[in-house]
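Below is one structure, written out as structure tokens; the observations come after it.
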Amino acid sequence: MKKPALAGHGAVRVEGGAPARGGAPARLRAGRGAHKTRETTAIAAPAGTHAIFIHVVESEELIRYFAREGYRLPIHATSSGRAILAQYTPAERQALYRKISFERYSPTTPMSSDAVEAELRRSAARGYHFSNSDFSKDLVGVALPLPIRQRRLSIVVAGPQVPLPGQGAGDRRDNPTRHFPLCRKSIGRS
């Protein structure tokens, strides 16, 4: 089934031809990430205390992360949201943290602004944002900031956390962080 080019979502609309790094449209970058990783890939934009998916290329695998355009996630509790937060100034983040209701979605959910800031520092050191069931149980996400023009966007590759029964250590789902290089390559960063 063919997906729409890029679903607009009110104030968080990205023009279909908006160039990402290297000049390719952002939606094509997400498509490359999904094709190369065989996992769901999405582009997210800020929406208050949430990140909202503005473009999704869903995996064709039977077991996959199911996401749709318009899906909202807590900005502090997801790799896609934290990749957006990393693009804010410290003062902008502190102002946003005062509006966040730090709800526990799992044992790994950051529960304070200090915890989110610590995760942002770890992400900066490793070069990518990572979530492991922080918001959605059994879901792993690897994300990168995707600034386009004046927009603060992120691109995320997400999929199931654990290997499926009967799949060995070499299976594509055994280490979701190995998708990071493919994610970087798909958006034109080396």
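At a glance:
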quantity: Average accessible area per residue (Å²) across the range 55-157 - probe 1.4 Å, nucleic acids and ligands excluded; calculated: 48
quantity: Principal axes of the range 72-112: Cα extent on each, largest first, Å; calculated: 27, 19, 17
quantity: With all protein chains modelled, accessible area of Lys99 [1.4 Å, Å²]; calculated: 150
quantity: 10 °C / 1.306 mPa s Stokes-Einstein diffusion coefficient of the range 85-145, Kirkwood radius on C-alpha pairs, µm²/s; calculated: 130
quantity: Rg [Å, one decimal], Dmax [Å, integer] - the range 40-112, C-alpha atoms; calculated: 13.2, 43
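The values are calculated or read from the model by the stated rules, or taken from the named source; none is laboratory data. Treat the numbers as computed from the prediction; the structure is a model and nothing was measured. For the accessible areas, the whole protein counts, side chains as well, though only heavy atoms, and no ligand, DNA or RNA atoms are used. Shrake-Rupley method; radii C 1.70, N 1.55, O 1.52, S 1.80 Å.
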